[in-house]
Amino acid sequence: MIRRRHILAAALCAALAPAALLTAPVAQAAGEAKKKGGGLNFIQFDTLTATVIRGDGRRGVMTVDLGIDVPNAGLHQRAVISGPRLRAAYVQMVQAYASGLGPGMAPNADYMAQVLQRQTDSVLGQPGAKFLLGAIMVN
């Protein structure tokens with residue numbers, strides 16, 4: 001009885017899944033990966049989020065868009081391979097920074113970019129990748 005429920009649930013999920021989700025792995029396997037923008041040297045990361053305290057005392061969310069520009073081919077390959085480590089370093093820094101913000105304070109983009117550039121150089125083991133900070137929003 002339980003097995004039938006699992007099969008039925010899996011079939012229902014497959015039927016309701018959007019076609020884009022089902023074809024994305026096929027497109028990536030065929031080498032047709034979509035690039036969000038920024039040129040051939042640009043590596044964009046998914047949006048980072050962290051919890052902040054808003055001016056009214058309630059919790060809010062800070063979102064950060066970012067990427068790196070790596071013109072050196074060898075370093076670019078290292079950055080692609082180190083993507084998960086870079087993202088982990090960025091998440092850790094953004095969350096630590098957001099936790100130290102006072103209620104209702106605006107984030108300091110210059111400071112964040114400087115610290116995240118240091119994280120980039122540290123993870124890659126050498127300078128040469130330019131950290132680029134996109135948008136910082138606090139809701």
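Just so you know, all these numbers are worked out from the coordinates, no wet-lab data involved. Remember, it's a predicted structure, so these values are computed and weren't measured experimentally. As a convention, Cβ positions derive from the backbone with ideal geometry for all residues, glycine included, and neighbour counts pool all protein chains shown.
Quick rundown of the values:
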{"quantity": "Condition check for Gly100: in contact (Cβ under 8 Å) with a residue 24 or more places away in the chain and over 19 Å from Lys130 (Cβ atoms)", "calculated": "no"}
{"quantity": "Flag if Gly74 is assigned to a helix (DSSP H, G or I), surrounded by fewer than 13 Cβ atoms within 10 Å (Cβ to Cβ) and more than 12 Å from the chain's Cα centre (by Cα)", "calculated": "yes"}
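Conditions (1) touching a helix residue (DSSP H, G or I) at 6+ places or on another chain (Cβ under 6 Å); (2) surrounded by 14 or more Cβ atoms within 10 Å (Cβ to Cβ); (3) in a helix (DSSP H, G or I), marked per residue:
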| position | (1), (2), (3) |
| --- | --- |
| Asp46 | no, no, no |
| Thr51 | no, no, no |
| Asp56 | no, no, no |
| Gln95 | no, yes, yes |
| Ser99 | no, no, yes |
| Gly104 | no, no, no |
